Amino acid sequence: MRPPETHSPAAPSPDIEDAYGGGPPHRRRLLLSCLIAGLALVGVAGGLARHQYDDARQNAMNDARARVVLASAMLDSYFGGELAVLNTIAQSPPVRAGDTSSMRSYFRRIEPPGGGLFAGGLGWADRQGALHASSSAGRERSVNLSDRSYFKTVMATGAPYVSEGLASRVTHKRIIVLAVPTRDARGDLTGVLVGALPIDGFQINSGSFDLGFDGLAVLDRRGRAVLAGFERPRNAALADELRRRQVGLLPAVRGLDGGGGHLVAFATAQLPAWTIAIDRPRSAVFAAAWRGLVLDLALLAAAAAVAFGAIGRLLLREKREAEAHSARARQRGELSHTFSTASLAGEVAEGLASGLATAFPGAVAIVALASEETRALELSSAIGESSWPVTGEAAELVVTQVSTPSYRSGVAFVVENGLRLRDELPEVHDALEGACRSLYSAPIRTRGSRATGALCLLFSDERSVSDADRAHIAWSADEAAQALIRARSYEHEHAVAMSLQRSLLSQVLPQIDGVELLGHYEAGSAGLEVGGDWYDVVRRMDGIMQISVGDVAGHGLAAAVLMGQMRTAFRAYAFDHDSPADVLRRMSRHVTGDALATALCMTLDPYTSELTYASAGHPPSLLVAGESGGVSRLDRASAPPLGVADGQVVHENTVAFPAGATVLAYTDGLIERRDWSLDVGIDLLASVLASSSTSPCDALASRIVHDVAGRVGSGDDIAFLIVRALAVPSRMDIEIAGDPAALAGLRRRLRAWLALRGLDQRERDDAVLSISEACNNAIEHGYHGASGTIRLVIDHSAGTLEIMVEDHGSWRPPVADPVRGHGIEIMRATMQTASLEHEPGRTRVLLRQRLAH
């Protein structure tokens, strides 16, 4: 369109003056009329602007009120979901049966260390408030909850309860406690199940609400600020009034911080009885409205028509944005409710697809989840316009060529026009018959950044997905990922049970220098349920091996579950205790009720060639010392089975385990037969071991299976473990605690190992003294009394002893002291070479000694 032509100004035309009414008097009257009309227009415009300002103020108040109501609903939805999970746990068989031992195992399985559904802990207390079961080992001792508000309320009402902010009596950290009643099979109240959420890991925060307002406050039952360390607000009277009035808006009050002239919108979440408030100065709340008034008056004074048009467009845009924001908030609330009630992964996928189809009318939403076995994407749900040609084949093609790249790369996949879609994805374009003109795909990730699926939106028009739409899609995907975790925890229960039953079959024994290990397991007969036989080996950081072989009485799921608990307990205790008797005593705590188990624990130090063992009702292990072929029973540290006798009667015994020695630990299914005594079976096994003591371990295992298990034929499960000492290791690579108390044991082990390696007395003394000084140096100058570890690596080869002592502390230069600080001089005096290397976060002492032979 051509712009209008312009001309230079000229003298006023008479026609123009006539048009204004003739001479100056007429022009004055016209100007006066224009002025009056202008003033009238300004007055009308000012009145309209004032009216708009009042509307904006009212909208701001209504918006604040709507936001706190939405936030309270979201808080109710969150706690409703958490209480639903807690109620589901309360309906589990161990809780309904009141079996505290099973409860402990169940709680620790679903609430492992490092966090889970209730990162602050999960526990059950009886009607008197005594805590009997907890997800944290040892924390139920002498803990009584009878004086806690949540315990009293649940016992009095029989209804779920969300507490105020509390201090944990065990960890002394700030927590929020969710509590539900537990009932037995007759429906009688048996106690209270509690789940704790730590404040520092609490999943509801100001960012979660996405309110877009400053001044958000969340007050617990006692009127304390959840988002401010549970401190009482400065204006406590206002906090009490908000809790009393439940919901509303106070347009002009002193705020929670004591400041005057505040607007406070508030609403109470019913489940936790917490109050959500938006507390801001009135000037800040109405700042946008005031600025709009000033701007509108200025624009109207200059050009009323332009201002009216701008105001109209602004009002229309604001209305649309408000409607879009309100709709999006409503959609999020509905989607959160859907996810909170979903118990299966398919329900989560269906809810996500439905929510996205609602949020993007006219689009088709496709959700694909990763297979647990193959990690490949599989179509779960496709929802959208029925007129779309999204058949099963077309949807599968979208999953393969669109969703899978996004799932694997972890980033969104976008196609914004039909031409690019046809060029880059011709098969998808043809399968959708040209109905799709753009698309957007994004991964579904858990908080650990692991992709669990992908979503895809197909649009019939060419569009660029806005930042707001991307944020909503990302929020939906994140909520779906968390819901998938909860849903799959239910689906995995059967898989977990099967994994426990088959855990022995997939056991991988560690590779340990100087020791050969071979384990064998066989089910009793085809079709027989898996039993409770197990074996396990753990190498600690200090180089000590912990060995366990055991058998849970019975077969089936109960035996497999208890076996899993025993193996888990062994692995946990094996790292903390170097005494096999101590390990067995602690394992006995896990055998309760009518359960019965036998177990053998052995501690082997490859560097000292010492084997310490303890047995609880288990058949004696057999030891053969090298080529002599003499077999001895390790039966001098026996105690009754676990579940029968007190664990304090368990004791241990130590024997030499030189190079070439072999020990065989087994379960009773290998030697037990109805028509003979156990001694006959043990003697048969000993004879096979004696005749094959120098055979390779795999050949020895084959003979045991053929000559013993084949002849006995008990029909029971069998498990055995062969441990053979090879040559004394030429290299010691261990870690010890950076504690002076650990050095005495280290020196004893070093002397024994160096003696076995053939060093003479002087060489051993020099090496032990230098290493001890290096370790002391690491403790004093590296950790300064703080906790830490020391790594010790010693290589003995070609007549040379090379030593490295390493810590991960921060080096503190030595201080002049006439009595102390001679460690380096001692090391240099006893070693051929001695040097120190300092790096950020690490110090190494390198020693080298030439040996006489």
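Just so it is clear, none of the values below were taken in a lab; they were calculated from the coordinates. Source: prediction; values computed, not measured. A quick note on method: Cβ atoms are made from the backbone with ideal geometry, for glycine too, and the neighbour counts reach across all protein chains shown.
Other residues with beta-carbon under 10 Å from the beta-carbon of Arg751 carry, at +1 per Lys or Arg and -1 per Asp or Glu, a net charge of +3. Using the Karplus relation 6.51 cos²θ - 1.76 cosθ + 1.60 with θ = phi - 60°, the per-residue 3J(HN,Hα) values for the range 725-737 come to 7, 8, 5, 4, x, 8, 10, 10, 10, 9, 10, 10, 5 Hz, with x marking Gly and Pro. Between beta-carbons, use under 14 Å as the cut-off and find the net charge around Tyr607, counting Lys and Arg +1, Asp and Glu -1. Neighbour charge sum, excluding Tyr607 itself: +1. Highest mean first, the peptides 553-563, 769-779 sorted by other C-beta atoms within 10 Å per residue fall in the order 769-779, 553-563. Our coupling estimate for the range 224-234, obtained by passing each phi through the Karplus curve with A = 6.51, B = -1.76, C = 1.60 and θ = phi - 60°, is 9, 7, 5, 8, 10, x, 6, 8, 5, x, 4 Hz, Gly and Pro reported as x. Whole-Hz Karplus values for the range 697-705 come out as 4, 5, 5, 4, 4, 5, 5, 4, 5 Hz, taken residue by residue from phi with 6.51 cos²θ - 1.76 cosθ + 1.60 and θ = phi - 60°; glycine and proline positions read x.
Starting from the Cα gyration tensor of the range 334-406, take the square roots of the eigenvalues, sort them a ≥ b ≥ c, and report rounded, prolate or oblate (rounded when a/c is under 1.5, otherwise prolate if a/b is larger than b/c, else oblate). Taking the square roots of the gyration eigenvalues as a ≥ b ≥ c, the range 334-406 is oblate. Ranked by the mean number of other Cβ atoms within 10 Å of their residues, highest first, the peptides 462-472, 69-79 come out as 69-79, 462-472. Taking every C-alpha pair closer than 8 Å and separated by at least 6 residues, the mean separation divided by the residue count of the range 672-807 gives a relative contact order of 23 percent. Averaging the sequence gap over all C-alpha pairs within less than 8 Å and six or more residues apart, then dividing by the number of residues, gives the range 599-664 a relative contact order of 38 percent. Once backbone amide H atoms are built at 1.01 Å from N, Val143 has Leu131 as its partners under 5 Å, excluding neighbours fewer than 5 places away on the same chain.
The range 167-191 and the range 58-72 have Cα centres lying 35 Å from one another.
The range 642-662 and the range 784-804 have their alpha-carbon centroids 30 Å apart.
Ranking Met602, Ala559, Gln648 by how far each Cα lies toward the positive end of the dipole of the range 535-654 (charges on Cβ) leaves Ala559 at the top. Database remark: amide H of Val650 closer than 5 angstrom to no amide H (H placed geometrically; neighbours at sequence offset of 5 or more, or on other chains; Pro and chain starts carry no H). When peptides 331-340, 89-98 are sorted by average Cβ neighbour count within 10 Å, with the highest value leading, the order is 331-340, 89-98. Amide H contacts under 5 Å for Leu518: Ile722, restricted to partners 5 or more places along the chain or on a different chain, H placed in the peptide plane at 1.01 Å from N.
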